[in-house]
Amino acid sequence: MGRSYIVEEAVEGYLTKQCEQKAGPVTGLLIGQSSTQREFVVTATRTPQREEPLAAGDSPDKQWVTEHARQVSRMLPGGLSVLGVFIVTDIDAKDSLATLRKLVFAVENLISSERLWNPADDDVTDCVALHVNPKTRKTFCRTFDIKDPKSVAKPADWKYQSGVCSSWSTVSCSLSVDMLVPLPDDRTDLEDMDKCLKEGLKVWAHQLESAVCLIDGRKLSEDMELVGGQKRNVRQTYTAQLLITPDERRATDVVQRCGGSVSVRGAIHSRAYLHSNKPKAKLAEKLLKRDAVSTVATRAQMLLEELLTSDGESKGSGRDRPQRELFCLPHRIFCPVKASGPVCVCDYHFSDEGLSVVTDRLKEMLDIDAAEKDLDTRQETPAEVLEGEAAAEPTVETIEALEPKRNRYIGVAMATVVAFLATAASMLYLNDV
Amino acid sequence: MVVADSQSSDTGTILRVRGPLEFKCHLDSTDARLMHKVISRTFETLQSQVKSESCVLTVCDSPVIIWPNRGVYAIPEEITPNTLCEDIHQWIQSDEQEAAGKRSAKKKSKKSSAASVINLRLMMEATKTGRPLSAPILSRTVHKSHFLSTTFPVDCVVRTTVNETIKDAFERLLEALTHQLCEMEKVTLQHIKGTTLLVPQPLHFLLPEPKGLVTVVYPAGVPDSQLETQRKELHQQFELPDDWPYFRRANAYHFPNEPYKDGYLRNPHLGLTHPTLDNGKVYLVQGFYSYHHYMQDHVDDNGWGCAYRSLQTICSWFQQQGFVERAVPTHREIQQALLDVGDKQASFVGSRQWIGSIEVQVVLNQLLGVTSKIMFVSQGSELASKGRELANHFLTDGTPIMIGGGVLAHTILGVAWSETSGQIRYLILDPHYTGAEDSQVITDKGWCGWKGPDFWDQIAYYNLCLPQRPKVI
């Protein structure tokens, strides 16, 4: 029995538009939510144009496609994820299957390698590979089980429907983050900071995983259904509360030598969308917690990537005299996918940028035409370095909050990928499946 | 070092809050004064966390969650600040309640005499409501230094009075929490050596009424032997006699319904009804012991090990009152000790040879440093006249007695004796039991029970080993 994809009507129009491209094959990503019974596709976005567009006979650039997927994945709040890949090409569906398969696995491998939370047993592991014939407009839909590297294509249903997500629920919260991790004794450069931060985030993710979750002030049992979403166009929003307790530590090396420390302090707005087919409290909790971890990790990752490319090594030796640098992490901005539904995508905004950076990026990555007034900037306020904080430790030489040079278009992101090629994570996704 | 919960003994439930509090800081300098400042500042942060609106107490095994600093707001909504503490029990699902139908009514009524405890978990609410807060700031400090990271095991107890509301009780609980953090700070700063930091560990001790439950914070890793000065101060503070180690770690209060990690039964005699004799009084073993008997620990000593088991019961008493740290010896270790003092030949070790009271005395001395008196009766019928001596033993020493004679060894845990009528009963713990650790069976079938003078072989001679309790704190 194959998977069933319920697809937003607007996606049909979008795919049709891609068929009208004159040039070579068009690839892109399908975005939505999985559930055990069926998948919901909410939107689609084509792979951004390269400087030299592909000619008719070219095969898609796997690195380009997967990097696009990685960037897009960071712009999806909880409950939304990249479900798979589409290709619009007049090459026969059977022949393009191999290409699609490579792309689907590469995309999924890259995205999951960046995840800091553990997959759950009830997660769906099928990804979709959609082939569209530009002349006939016919679609061929297959799925692959990405847990099985030898997986073969299984046929799946592809059905269009209007208002797929118009009555989806939203669960959200404002979560405070307070992390402090040591840097190793003799290595304090950016890669070490990256590793230490990831470790700290994993510990925080683990705490969140076992946190008690209250929805609208009540503790619901796992299998209880969230009320609402049954009437069309009635939006349900829920507020969550998370109660955490630290992991108990065995008192073995209580004090250790270190080369410094990194802290992340502030608050983030976390959000997850839930399909309207009787979603359970357990799902809401899982998706919200994952979003919380992802949004902090994404921002830290964005900061590190930019420091790397802008040669942001710490100035001076800083070994004897303590040196402290403060960086403002970007704040989160939401943008609706469609004018009528509740579902939004998000992006991250540094306070000294104009909002046009965000709208440009939404256009490039997600092919969304948004105006600045459509953006929801009220969920978080920009980070502020308070006077008191900078002067907190007189023995520490504080370099005022650095705003790293930013150029977050995909071209620059690709350069960063090259910089990261030495790391194992990248090697993983580049291996052919 | 201590908080005393001085309520009268007609009290309601005990509220116990436990939870790890993360303690992390960057120690820029190893200069002692600066380290102290950083550590004190981190404690201030913990204090404000505990006093903040984000502090949450969840009742274990129940849906009840309480915010003590938000006007004692609670969920489910049926619970208000004026709800009585004892009403919280209704919300708690315990395994006991599920099996209630299967247990006998008799057993249930006995359990209610123990103090009931409501266990709470200390948590922090990480989410905030209200206006959006600012996005995170990442701060990187580069400096060759030290990093301190651990969790402190907060463990606070408050004894509520009957009809006390949760509003009042939780206010007291918050005070106890902040006080404990102060104590932890003192102990931490007191015991820093260079860059070594000892984790402050709270323990509760049950003092004779009306003092009740008292909490002491000890530095982890410092053995009892090095903390004698502190214990002396505590004895003075609470006006306690100097001949019982109330404050040794092993004597920490064991909360009801907390299972023992080693699986042995503790004090099975507590479930018994004591005999009433004309003008008689009951004299019992003081403190705690474990019941050791045939077939335990995968050792098949059926038929020969009874004296060994009685000796193990006695050793467990000295361990649990904190007089020794040594674990209860195995049969082999007992035999080896006798070989070591020259009391036996090498072939003894690994054999199934019986031992008697003299050997028990020797081993107690060799392995535990405990001296014992030996009492001899030339025939079992004479035991009926030993009431005064046995009573005195339980009054002054309070240790279990090993008695061997005929072909059997037993443990005497107490005596009921009438000075006027001479009537006597003996509380016997029988090491010949071969079954599982089921206190119901053990008391119902008399493996731990009161026996009359005809229990003894009237003709055989008996030796009793009466271990002496060291008079130390």
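If I filter the stretch B:114-121 for residues that are within 7 Å of chain A (Cβ to nearest Cβ) and more than 30 Å from A:Asp189 (Cα to Cα), do I get at least one hit? It would help to see each step written out before you state the result.
Filtering the stretch B:114-121 for residues within 7 Å of chain A (Cβ to nearest Cβ) gives B:121.
Those still in the list that are more than 30 Å from A:Asp189 (Cα to Cα) too: B:121.
Yes.
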With respect to the numbered conditions (1) surrounded by fewer than 16 Cβ atoms within 10 Å (Cβ to Cβ); (2) on the phi < 0 side of the Ramachandran plot; (3) assigned to a loop (DSSP other than H, G, I, E, B), which one is the sole condition not fulfilled by B:Tyr246?
(1)
Which condition breaks for B:Lys144 when tested against (1) closer than 18 Å to B:Cys55 by Cα; (2) buried (at least 16 other Cβ atoms within 10 Å of the Cβ)?
(1)
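On the given criteria, is A:Arg38 surrounded by 15 or more Cβ atoms within 10 Å (Cβ to Cβ), more than 23 Å from the chain's Cα centre (by Cα) and among the basic types (Lys, Arg)?
no
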Residue within the stretch B:351-360 that is polar (S, T, N, Q), touching a residue at least 60 places away in the same chain (Cβ under 8 Å), touching a Gly at 6+ places or on another chain (Cβ under 7 Å) and in a helix (DSSP H, G or I) present:
yes
Counting only residues that are at pLDDT below 90, within 30 Å of A:Val262 (Cβ to Cβ) and among the hydrophobic types (A, V, I, L, M, F, W, C), how many does the stretch A:328-354 have?
1
Taking the stretch B:269-316 as the region of interest, how many residues are surrounded by fewer than 24 Cβ atoms within 10 Å (Cβ to Cβ) and in a helix (DSSP H, G or I)?
8
Of everything in the stretch B:171-188, what is in contact with a helix residue (DSSP H, G or I) (Cβ under 6 Å, 6 or more places away or on another chain) and within 14 Å of chain A (Cβ to nearest Cβ)? Give them in sequence order.
none
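Suppose we filter B:Thr411, B:Thr399 for residues that are touching a Ser or Thr at 6+ places or on another chain (Cβ under 8 Å), among the polar types (S, T, N, Q), buried (at least 22 other Cβ atoms within 10 Å of the Cβ) and assigned by TED's automatic domain parsing to the domain that holds B:Cys306; which single one remains? Give the derivation first.
Numbers: B:Thr399 fails: touching a Ser or Thr at 6+ places or on another chain (Cβ under 8 Å).
Selected residue: B:Thr411, the only one of B:Thr411, B:Thr399 that is touching a Ser or Thr at 6+ places or on another chain (Cβ under 8 Å), among the polar types (S, T, N, Q), buried (at least 22 other Cβ atoms within 10 Å of the Cβ) and assigned by TED's automatic domain parsing to the domain that holds B:Cys306.
Of the residues A:Val7, A:Val11, A:Val65, only one is outside any helix (DSSP H, G or I) and of a type in the set (A, V, I, L, M); which? Walk me through it before giving the result.
Working: A:Val11 fails: outside any helix (DSSP H, G or I); A:Val65 fails: outside any helix (DSSP H, G or I).
Of A:Val7, A:Val11, A:Val65, the one residue that is outside any helix (DSSP H, G or I) and of a type in the set (A, V, I, L, M) is A:Val7.
For the stretch B:1-117, which helices (runs of 4 or more DSSP H) that fit wholly inside it have 3 or more residues that are at pLDDT 90 or above and in contact with an Asp or Glu (Cβ under 9 Å, 6 or more places away or on another chain)? First the steps, then the outcome.
Numbers: elements: B:32-51, B:95-98, B:105-111.
Those helices (runs of 4 or more DSSP H) span B:32-51.
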Within the stretch A:322-361, restricting attention to residues that are over 18 Å from the mean Cα position of the chain (by Cα) and within 13 Å of chain B (Cβ to nearest Cβ), which residue is farthest from A:Pro182 (Cα to Cα)?
A:Ser351
Determine the pairs where a residue that is farther than 22 Å from A:Lys62 by Cβ, located within the stretch A:10-25, has a partner that is outside any helix (DSSP H, G or I) and modelled with pLDDT under 85 with Cβ atoms under 8 Å apart, the partner being 6 or more residues away or on another chain.
A:Ala10/A:Lys338
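Within the stretch A:78-131, work out how many residues are aromatic (Phe, Trp, Tyr) and assigned to a strand (DSSP E or B).
1
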Mind counting the residues in the stretch B:67-89 that are crowded, with 19+ Cβ neighbours inside 10 Å and within 29 Å of the chain's Cα centre (by Cα)?
2
Take B:Leu198 and decide whether it is closer than 30 Å to A:Arg265 by Cβ, surrounded by fewer than 22 Cβ atoms within 10 Å (Cβ to Cβ), in contact with a strand residue (DSSP E or B) (Cβ under 6 Å, 6 or more places away or on another chain) and free of Cβ contacts under 8 Å to residues at least 60 places away in the same chain.
yes
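The values are calculated or read from the model by the stated rules, or taken from the named source; none is laboratory data. Predicted model only: the values in this text are computed from it and were never measured. Because the Cβ atoms are built from the backbone with ideal geometry, glycine has one as well, and the counts that use them run over all protein chains shown.
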